[in-house]
Structures are given as C-alpha cells and as structure tokens.
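Chemist: So that we are looking at the same thing, I have put the structure below in structure tokens.
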Amino acid sequence: MHRVSLFGPALIVIAPIFAQGPAPAPLVVHQLKPNVYWIEGGGGNSGVIIGDKGVVVVDAKTTAAQGKELLDDIAKITPKPVTTVIETHSDGDHVNGLAAFPAGITIIAHENNKKEQDAAMSAGGRGAPPAGHLPTQIISKNKDDLKIEGVKVQVLHWAPAHTSGDLVVFLPDEKIVFTGDIFSTQPDALIHLEKNGSSEGWVTTGQGTAALDADQFVPGHGDLQSKAAIQKKAADVAAKRAKIKDLVAQGKSLEEIKTAVGDPPPAQGKGGGRGGGGFASFTDVVYQELTKKPG
Ligand SMILES: [Zn+2]
C-alpha cells in the first residue's frame, strides 16, 4: 500500500504483473539434525549449520531477495550471525543471493570457482557475480579438513565435474553431505562444458561422493537423497558414460548413440533439448568430449 505514494501508479501496475510475474513460492526449511538444516527453493538448495557462535551456510540462492529470505529464515532458527558461506560451485543460482549477505563474512570456494567468478566479473553483464562477495578463502587441496564455528567440515574436490571448481561439503560427525549440483533432479549428470566441467571427472566425483560415510545427502536441487540413491545414480551415470564411449569407438553417430542409450527424442519446437533448462544433455557432452579434435 505504501508503494502507491512512493513509486507512483506506473510501477505498481506494471512491475508486479509483467516484470515479476506471480510472487515466488516461499523457501522451505527442513531440519536434518539439531544443528543442521537444508533450505529449499529460490534456486539451489542451501545448507545451514549452526556452530558455537556463528552459522555456516552452504550456497546462497539466486537473487538478493532470495538471499535475504534465506537469512530471515535462519534468523527464525537461531540468533547467531552468519559468519561463513561455502560455495559448492560458481553458478548464479547458488552464489548471487550473497548480494544480501553482510559484508566481511568468510566465503569459501575452490580455486577454480574463484577463477570462474573472476572471469565472469571481467565479462560483466548478467552473468557477473555479486561484487563485494567474491570468495575470500580459497581451497586448492582436493581434501581439506576445516573446523568452522566448532563444527568439523570436510570440503572435497576430486576433479572438474559439474564445473571446474566443484566442492562437496561433508559433515563427518553428522554424516551429512551437501553435494552441490554434482547431484540434482536430473536423471543424468549435468555438466557445464563452458565452465570446463567433465563427464570423466563427474564419474570420479560421483563415486567419491557416494563412498562418503554419510546417510543424508542434500543435492543441489530436489529432495534429500539416501546413500543408496546416490550410489545408484553414480553407478548409472558411470555405466552410461562407458556405453557411450564404446559406441563412439564403434564410429556411431550422435543420433545413433542417443537412440541406443535410450535418450528421449528431441522435444518439438525450440531448442530440441530435453527439459534440462537448455543445457547440453549428458550424451551430447560425452560425445563432444570424446570426438573433440585435439588442438
Ligand atoms: Zn550448477
């Protein structure tokens, strides 16, 4: 109501209907342990770990408004301040909500994630990460045992997989894993070749994640997963990649391979993708990797 006098009639009529569409669904808070939650909606799933004196967040939603909603939800759980964010990778639906986070917090990311964000910042435009909230603590080891706010947190990187700078976040005491987009709602692995992701690296990463001593796996998108479900997906993707590799070695065409591995036919109309948000399918990615001419 106050907006009428503040912004005038044009904005209140046009902005809600045409620019923003219907109000987004609120975030949903799920509790995993007394001190650990995951928060769904607004882009990628987020993890919330309540430590001794502060809160550690894994991934920060897509927009500043969603980042603020995430902070508001955390404030309903605990009066402790958010001091640390761990980024599972550089995609905007996991990072850009940091714009709403306080200045001066610690932002942990893999070194290649930082490089991707630096490159996106230089390129500017819509893909740029939130200035003032770039990573401040860089992980360059493949396995780093951290203690943050009194909580044991292991961050793991096996190889470029979804992107070149993935981190899997493991809480060994709570037996919880935040996988980032290594695992999501898609039946196949989602690999961003433009961020130097790799299907071979995905297989290593997927199997490594599945072998962790955990029983609750929060994927980058979608519902909480059991260890058995994570193991099955890692095995299924590895088997599919091996089959595609065989077929490429036999000289089959991309279309023949897609039929042989049971990919759905291209959707009618624009794109011809398979509902993956316009991203290349797993079969496309593996075929491109294996048929790429050197140099
Ligand atoms: Zn992603």
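The values are calculated or read from the model by the stated rules, or taken from the named source; none is laboratory data. In this text, all values refer to a predicted model and were calculated from it rather than measured experimentally. As a convention, Cβ positions derive from the backbone with ideal geometry for all residues, glycine included, and neighbour counts pool all protein chains shown. Please note that ligands, DNA and RNA were not included when accessible areas were found on the heavy atoms of the full protein model with its side chains. Shrake-Rupley method; radii C 1.70, N 1.55, O 1.52, S 1.80 Å.
Chemist: Given the options ILE138, ILE182, ILE108, ILE148, name the one that is more than 16 Å from the ligand (Cβ to nearest atom), surrounded by 17 or more Cβ atoms within 10 Å (Cβ to Cβ) and within 19 Å of the chain's Cα centre (by Cα).
Modeler: Checking each option against the conditions leaves just ILE108.
Chemist: Now for a different question. Which residues, taken from the stretch 211-256, are among the hydroxyl-bearing types (Ser, Thr, Tyr) and within 21 Å of the chain's Cα centre (by Cα)?
Modeler: SER226
Chemist: All but one of (1) within 16 Å of the ligand (Cβ to nearest atom); (2) open to solvent by 10 Å² or more (accessible area, probe 1.4 Å); (3) of a type outside the set (Phe, Trp, Tyr) hold for LEU32; state the number of the condition that does not hold.
Modeler: Checking LEU32 against (1) within 16 Å of the ligand (Cβ to nearest atom); (2) open to solvent by 10 Å² or more (accessible area, probe 1.4 Å); (3) of a type outside the set (Phe, Trp, Tyr), the one that fails is (1).
Chemist: Also: Name, by its number, the condition in (1) more than 16 Å from the ligand (Cβ to nearest atom); (2) more than 17 Å from GLU116 (Cβ to Cβ) that does not hold for VAL155.
Modeler: Just one mismatch for VAL155, condition (2).
Chemist: Counting just the residues of the stretch 70-105 that are within 16 Å of the ligand (Cβ to nearest atom) and assigned to a loop (DSSP other than H, G, I, E, B), which one comes out surrounded by the fewest Cβ atoms within 10 Å (Cβ to Cβ)?
Modeler: My answer is ASP91.
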